[in-house]
1. Looking only at region 8-30, how many residues end up being in contact with a strand residue (DSSP E or B) (Cβ under 6 Å, 6 or more places away or on another chain), assigned to a loop (DSSP other than H, G, I, E, B) and farther than 17 Å from Ala101 by Cα?
2. Report, ordered by the first and then the second residue, all pairs with beta carbons closer than 9 Å, sequence separation of six or more or different chains, a first member in region 300-323 that is in contact (Cβ under 8 Å) with a residue 12 or more places away in the chain, and a second member that is surrounded by fewer than 24 Cβ atoms within 10 Å (Cβ to Cβ) and among the basic types (Lys, Arg).
3. Restricting to region 100-122, count the residues that are charged (D, E, K, R) and open to solvent by less than 20 Å² (accessible area, probe 1.4 Å).
4. Sort through Val23, Val10, Val62, Val48 and tell me the only one that's touching a helix residue (DSSP H, G or I) at 6+ places or on another chain (Cβ under 6 Å) and without any contact (Cβ under 8 Å) to a residue 60 or more places away in the chain.
5. Could you go through region 199-207 and let me know if any residue there is hydroxyl-bearing (Ser, Thr, Tyr), farther than 17 Å from Ser174 by Cβ and either open to solvent by 10 Å² or more (accessible area, probe 1.4 Å) or at pLDDT 95 or above (or both).
6. Within the group Ala58, Ala125, Ala97, which residue is open to solvent by less than 20 Å² (accessible area, probe 1.4 Å), more than 30 Å from Asp287 (Cβ to Cβ), in contact with a strand residue (DSSP E or B) (Cβ under 6 Å, 6 or more places away or on another chain) and among the hydrophobic types (A, V, I, L, M, F, W, C)?
7. Taking the criterion of being open to solvent by 80 Å² or more (accessible area, probe 1.4 Å) and part of a strand (DSSP E or B), would at least one residue in region 38-50 satisfy it?
8. Restricting to region 99-140, give me the number of residues that are within 23 Å of the chain's Cα centre (by Cα) and aliphatic (A, V, I, L, M).
Amino acid sequence: MGNDLNQDLVVGLDAGGTRTRAVLATADDGRVLGESTGGPGNAMTVPVPQLTDHLAEALARVVPEGARARVVAVTGGFAGATAASEEDPGTSRARTALIEALGRLGIPAGRVGVCSDIEAAFAAAPGTPSEGLALVAGTGAVAMRITDRHATTTVDGDGWLLGDEGSGFWIGRSAVRAALRMADGRGRPTVLAGWVGRTLGLPVDVLPKGSIPSYDQGGTALPSGTGAHPTGVPGWSPARREDFRRHLLPAVMADPPIRLSRFAPLVADAAAEKDAVAETILREAADHLLETVRALEPRPGERIVATGGLLGPRGPLTVPLAERLHTHGLSLDWVADGCPGAVALARLAHPS
């Protein structure tokens, strides 16, 4: 970095539910000088003392001790916070933790900004937009209208118990439900039953055997997920199906509910193999996300900045959602995370 550290510097933070990312950049042109990570940064779920430690950890790693006096602005995009209100509990907690972490490290940033991780992600789009729509589809799902860089309207983001429809959690839960429905006779055969069972470590002798073929009336094999009833699955007797359920339910209940999101990649893989049940789950997820966006009453051609693994370059919902949005004159502009946006907002906060 050399002489770069002798000029004004800014820091952008993307503090999410699993980790905190920090980026050090030059204030004049935003050139990235370093990146680091720390512990979880959700302002509503991580206690303030721990949040302070995680922020200090990330900041200490990215800002060399000799350059800390050069930091003129810091902006953090926090899960559980918002730039719209300083009185918001998450915003207050995030600001308290961030100011304490900066003081602990001797970083005298003149400008300290706090916003939501979604507002930061929106600002990460090319041109640092100030108006438009933001959509997040990862473990959770939420859409926001952004006005003057502040979230003014929120749709969903209501958590695994009440909402997050079309999210990774929703997809993963649907996979387990499909496995249970296949086992108890309500659902169609699907490879998801065996895949979910193996992921949970269920005994091999309770799993459906083979590729779960089903047949039409003429005896022709049908694609997975199109059969009429699981009793037609060769080698999976009612007793074994009952054992499958008996093992699967406690295995699922042993983990926090949000862990169901880990089954979402199985649905994407099964859909890629033309499993009809998995394809239906992904179609319904894309429909939910479209409904979430439409609740914001988007104008034709309005910008939608998207982030989250389900909508990335290889995300399983990217194509189906883009097709649905296209019919409404809308398109997605994907960003990897909020760090570039947080850096851009920090630079905007620093008077040139």
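1. Matching residues across region 8-30 total 2.
2. Listed pairs, sorted by first residue: Pro320/Arg283.
3. 1
4. Only one candidate passes the filter, namely Val48.
5. No, because not a single residue in region 199-207 is hydroxyl-bearing (Ser, Thr, Tyr), farther than 17 Å from Ser174 by Cβ and either open to solvent by 10 Å² or more (accessible area, probe 1.4 Å) or at pLDDT 95 or above (or both).
6. Only one candidate qualifies: Ala58.
7. no
8. The number of residues fulfilling the criteria is 12.
The values are calculated or read from the model by the stated rules, or taken from the named source; none is laboratory data. The shown structure was predicted, so the numbers you read here are calculated from the model rather than taken from an experiment. When we count neighbours, we look across all protein chains shown, and the Cβ atoms used for this are built from the backbone with ideal geometry, even at glycine. What goes into the accessible areas is simple: the full protein's heavy atoms, side chains included, and nothing from ligands, DNA or RNA. Shrake-Rupley method; radii C 1.70, N 1.55, O 1.52, S 1.80 Å.
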